[in-house]
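One structure below.
The values are calculated or read from the model by the stated rules, or taken from the named source; none is laboratory data. This is a predicted model, so every value here is computed, not measured. Methodologically, a virtual Cβ is constructed for each residue, glycine included, from the backbone with ideal geometry; neighbour enumeration extends over all protein chains shown.
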Amino acid sequence: MADDERSPLESEIRRLIAAAGQMPVAEYMRLCLTDPQYGYYVTRDPLGAGGDFITAPEVSQMFGELIGVWMAAVWRQMGAPANVRIVELGPGRGTMMADALRAARVVKDFHDAVVLHLIEVSPRLQELQRQRLQAFGLQIAWHAALADVPGGPSIILANEFIDTLPVHQAVKRNDGWHQRVVGIGVGDKLTFGVGRDPWRQFEATLPPAVRQAPEDAIFEWRPDSIGLELGQRARTGGAALIIDYGHSKSGLGDTLQAVADHAFADPLAAPGQADLTAHVDFEALALSAESIGARCHGPLPLRDLLFNLGINERAARLKARATSEAAAEIELALARLTAPGKRGMGELFKALAIADRKLDPLPGFVALA
């Protein structure tokens, strides 16, 4: 590929590889998504029909409305603090938060107590969030990281956020586990490879279920920091709700994938111009949060959480006031959110709550009577 056919970020990645050697997968993913000049999330609005993918809040207002009901119920369990930090990690266009706040307006005391804290690195998305949320008359602060949010009673939401955090990968060889890297291969193309030297004692750090891995197996993980941070915030009177796609138990496999224009793409083909994600290891996330004293609820399949929160009833009320065409769209959205398999999000997507041990049971994680 000629230099003028490469994405600007690919040229920068090649320069870094030439200077420092093969690049760890996690560093490659970080640059692709959040490079200050060329990163995917910094340079575009990726959502909706005109973007690269559609998230649950874009499928139907019902999703965000149920999250709003969940927040208000948890706030009451927390003792109805007069100042509660509602924190969303990666708010997209603000669609979910707008739907949630609209639904939660019926609990006036809750609405009056809310201060919004949005974790967002994209200037373009920040502006869309401002436009969509300013009508609610709430204080809104934007931050680059969760660590920047002031302490205090908090309810944290993370919908399809953890999957975008850089994932580390290791490959099993006959002499041990090696780091998986990105380098320059045949035809002068970016390619996956393995670091030269095995990691000593790496196998001892693996979950017991995957220690006897076959040769060429791939194990991927994220640092414990996000689980520890969520656990730290939640264990002192708060709660966090994580909704994402992934696996309930730690396991082997390469789940790194790229999506562009609503289709899967080669993760190495156009750095910075496609969304890169990897499945969330919910078991690892829960273990890190519980290690510092928080309590985890779930993970549940997304459909179970939505059924428990009353999505069928909400859909029925919306259809009762809708035209026949709109009612059909509501039914399609309900199926998209709750259906199993490739037809919907109900099984692949999971919901995990992390909370203070005093907040038990949490709404949605026990079937409603």
Being in a helix (DSSP H, G or I) and among the acidic types (Asp, Glu) is the filter; apply it to the range 25-69 and report the residue that is modelled with the lowest pLDDT. GLU58
List pairs: first in the range 349-369 and more than 18 Å from LEU228 (Cα to Cα) and among the basic types (Lys, Arg), second at pLDDT 90 or above and not in a strand (DSSP E or B), Cβ under 9 Å, 6+ apart or cross-chain? LYS350/SER248; LYS350/PHE282; LYS350/LEU302; LYS350/LEU305; LYS358/GLN77; LYS358/MET78; LYS358/GLY237
Kindly check whether there is at least one residue in the range 293-309 that is at pLDDT 95 or above, surrounded by fewer than 20 Cβ atoms within 10 Å (Cβ to Cβ) and more than 19 Å from LEU66 (Cβ to Cβ). yes
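Give the residues of the range 155-194 that are among the β-branched types (Val, Ile, Thr) and surrounded by 17 or more Cβ atoms within 10 Å (Cβ to Cβ), sorted by residue number.
Within the range 155-194, ILE155, ILE156, ILE162, THR164, VAL167, VAL171, VAL181, VAL182, VAL194 meet the criteria.
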Candidate set: the range 221-263, residues that are among the hydroxyl-bearing types (Ser, Thr, Tyr) and touching a helix residue (DSSP H, G or I) at 6+ places or on another chain (Cβ under 6 Å); chosen: the one surrounded by the most Cβ atoms within 10 Å (Cβ to Cβ): SER250
Filtering the range 308-321 for residues that are within 15 Å of THR338 (Cβ to Cβ), out of contact with any helix residue (DSSP H, G or I) (no Cβ under 7 Å at 6 or more places or on another chain) and not small (Gly, Ala, Ser) leaves a count of 3
Pick from the range 337-356, criterion modelled with pLDDT under 95 and of a type in the set (Lys, Arg), ranking: surrounded by the most Cβ atoms within 10 Å (Cβ to Cβ): ARG343
For LEU268, state whether it is in contact with a strand residue (DSSP E or B) (Cβ under 7 Å, 6 or more places away or on another chain), crowded, with 24+ Cβ neighbours inside 10 Å, touching a residue at least 24 places away in the same chain (Cβ under 8 Å) and not in a strand (DSSP E or B). no
For ALA213, indicate whether it is under 23 Å from LEU268 (Cα atoms), crowded, with 16+ Cβ neighbours inside 10 Å, of a type in the set (Gly, Ala, Ser) and under 29 Å from the mean Cα position of the chain (by Cα). no
Could you check how many residues of the range 71-97 are buried (at least 21 other Cβ atoms within 10 Å of the Cβ) and in a helix (DSSP H, G or I)? 7
Any residue at all in the range 195-207 that's touching a residue at least 24 places away in the same chain (Cβ under 8 Å), crowded, with 21+ Cβ neighbours inside 10 Å and within 23 Å of the chain's Cα centre (by Cα)? no
Which residue pairs have Cβ atoms closer than 8 Å, lie 6 or more positions apart in sequence or on different chains, and pair a first residue in the range 310-337 that is part of a helix (DSSP H, G or I) with a second residue that is among the charged types (D, E, K, R) and buried (at least 18 other Cβ atoms within 10 Å of the Cβ)? ARG314/GLU65; LEU337/ARG303
Do we find that ILE218 is among the aliphatic types (A, V, I, L, M) and either closer than 30 Å to ALA355 by Cα or in contact with a helix residue (DSSP H, G or I) (Cβ under 9 Å, 6 or more places away or on another chain) (or both) in this structure? no
